[in-house]
Amino acid sequence: MTRKESIIQSYELARHQYTSLGVDTAQALKSLKEFEISLHCWQTDDVSGFESPDAALGGGGIAVTGNYPGKSRNIAEMRQDLEKVMSLLPGKQRLNLHASYGEFGDSFVDRDRIEPVHFQGWIDWATKQEIALDFNCTCFSHPKADGGYTLSSKDEGIRYFWVEHVKRCRAIGAEMGKQLGKTCIHNIWIPDGSKDVPVDRYTHRALLKKSLDEIFEVEYPTEYLKDSIESKLFGIGAESMTVGSHDFYLAYAVQNKKLICLDNGHFHPTEQVGDKISACLQFVDELMLHVTRPVRWDSDHVVTFNEDVVLIAQEIVRSAAFDRVHMGLDFFDASINRIGAYVIGTRAAQQAMLYALLEPVDTLKSYENEGKNFERLALLELMKSKPFGAVWDYFCMQEGVSVGEDYIAEVQAYEKGVLSQRKEA
Ligand code: RNT
Ligand code: ZN
């Protein structure tokens with residue numbers, strides 16, 4: 001039997017098993033193909049960005065550990081890496097850019113001066129790749145963020161600088177959406193917070209509200225731009241108080257019809273972002289997700305197929321919220337091959353979606369409605385050993401990308417041929 005024949009045969013056997021449970025595998029694969037995940041550009045270069053040749057992540061309570069060779073050093077290398085990643089992923093994804101990744105040429109363009117023209121190269125590239133772009137203001141790794149406060153700063157000059165930056169970022173995002181004909185989601189995350197217990201939380205939060213109001217004064221058509229705001233519990237150096245807490249942003253999002261962005265590394269370790277989806281969706285139209293793997297803290301390890309991610313996927317599917325929940329990734333691991341990390345994490349998120357799509361939701365719901373909780377638990381347990389891997393392999397084959405473990409060799413070849421040729425700058 002050829003490899004192809006065995007993949008097809010395994011799929012057919014799997015299909016029968018799912019069909020007998022009332023699950024349509026073909027429909028599941030159709031939905032999976034339509035579900036676009038927003039790839040975070042910052043996994044290719046450890047969140048360094050290209051504002052200056054020696055740009056590196058600094059401040060803001062996020063940290064990248066590791067020094068695996070081969071990180072992308074410029075935009076050409078980054079695009080090359082992204083194209084490699086996308087060639088190893090089934091379906092079509094989006095790209096999530098940070099403002100620090102513009103094409104600034106030889107001159108230094110400060111954050112309050114950036115314009116759509118600095119991102120035209122990305123728009124052209126995305127047009128060629130036939131993908132959509134999402135965008136993020138970069139309110140960290142900058143001297144004006146060193147004081148610990150940006151949009152909530154009591155220093156009017158600093159606050160104004162960041163308001164201007166974010167306003168410009170929204171204009172850039174809207175331009176991306178307009179040119180690409182696909183809505184761009186612009187996300188705001190700021191590092192603002194305090195290491196030790198502050199006494200004036202109120203003023204900082206009032207200032208953040210004021211800044212957001214100023215930023216959102218300009219309205220863009222929703223076909224071009226949608227806005228999300230990302231909450232966080234704490235960061236390194238901001239252990240005692242984060243200005244943009246979940247309460248703050250959720251309330252702001254509800255009151256101002258914005259998207260709330262839930263990063264599953266930004267809550268207490270036992271809180272489940274999956275549980276928050278159906279709660280938030282009662283009050284906001286749409287959600288943005290940053291899917292990550294927090295190991296003990298917001299460590300941004302590579303996403304794996306774990307219970308947290310599966311619950312997120314299940315809640316999207318069970319809530320029939322495919323069009324209302326946008327999934328982006330947010331992890332950065334510099335201790336292993338970065339391209340491999342990317343592919344593992346994105347495939348894991350896609351697999352979680354597939355797992356959720358292959359769930360016999362109707363049967364499970366009717367068990368639940370009838371109070372048959374033993375039956376519900378039994379079926380949920382049974383689903384864990386169903387041959388969903390066979391459906392996944394078939395999907396990859398249909399999509400013309402590496403099946404099963406084949407992508408390991410592809411990443412190794414890319415490391416040998418491309419990444420290892422990159423000398424440290
Ligand atoms: C930080 C937030 C934020 C960043 C990116 C780079 O804790 O998760 O989303 O990771 O903007
Ligand atoms: Zn995030």
Qualifying residue in the stretch 49-66 (condition: buried (at least 19 other Cβ atoms within 10 Å of the Cβ), on the phi < 0 side of the Ramachandran plot and either among the hydroxyl-bearing types (S, T, Y) or at pLDDT 95 or above (or both)): no
In the stretch 303-327, residue surrounded by the fewest Cβ atoms within 10 Å (Cβ to Cβ) [restricted to those that are closer than 28 Å to A413 by Cβ and either within 14 Å of ligand 1 (Cβ to nearest atom) or hydroxyl-bearing (S, T, Y) (or both)]: T304
Odd one out for H40 among (1) of a type outside the set (K, R); (2) surrounded by fewer than 17 Cβ atoms within 10 Å (Cβ to Cβ); (3) within 16 Å of ligand 1 (Cβ to nearest atom): (2)
Options H118, H98: the member that is over 21 Å from Y342 (Cα atoms) and either hydrophobic (A, V, I, L, M, F, W, C) or touching a helix residue (DSSP H, G or I) at 6+ places or on another chain (Cβ under 9 Å) (or both): H118
Some residue of the stretch 271-292 being at pLDDT below 95 and within 30 Å of T65 (Cα to Cα): no
Residue within the stretch 381-391 that is assigned to a helix (DSSP H, G or I) and over 18 Å from A28 (Cα atoms) present: yes
Within the stretch 1-26, tally of residues that are over 18 Å from V401 (Cα atoms) and in contact (Cβ under 8 Å) with a residue 40 or more places away in the chain: 9
Matching residues in the stretch 262-298 - criterion: being of a type in the set (S, T, N, Q), away from ligand 1 (no atom under 16 Å from the Cβ) and touching a helix residue (DSSP H, G or I) at 6+ places or on another chain (Cβ under 9 Å): Q272, S278
Filter pass, V254 being more than 13 Å from ligand 1 (Cβ to nearest atom) and in a loop (DSSP other than H, G, I, E, B): no
Top-ranked residue in the stretch 138-170 [being under 23 Å from V64 (Cβ atoms) and touching a Phe, Trp or Tyr at 6+ places or on another chain (Cβ under 7 Å); ranked as nearest to ligand 2 (Cβ to nearest atom)]: C139
Answer residue from the stretch 189-227, given it is of a type outside the set (A, V, I, L, M), crowded, with 23+ Cβ neighbours inside 10 Å and in a loop (DSSP other than H, G, I, E, B) and is farthest from ligand 1 (Cβ to nearest atom) among those: D192
Whichever residue in the stretch 124-139 is among the acidic types (D, E) and more than 16 Å from ligand 1 (Cβ to nearest atom) and, among such residues, is surrounded by the fewest Cβ atoms within 10 Å (Cβ to Cβ): E130
Of all residues making up the stretch 171-208, the number that are away from ligand 2 (no atom under 16 Å from the Cβ) and either touching a His at 6+ places or on another chain (Cβ under 7 Å) or not charged (D, E, K, R) (or both): 21
Residue check for E230: among the acidic types (D, E) and either touching a residue at least 60 places away in the same chain (Cβ under 8 Å) or away from ligand 1 (no atom under 16 Å from the Cβ) (or both): yes
Any hit, the stretch 313-325, residues being over 23 Å from V391 (Cα atoms) and among the hydrophobic types (A, V, I, L, M, F, W, C): yes
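The values are calculated or read from the model by the stated rules, or taken from the named source; none is laboratory data. These figures come from a predicted structure and were not determined experimentally. Note: ideal-geometry Cβ built from the backbone for every residue, glycine included; neighbour counts use all protein chains shown.
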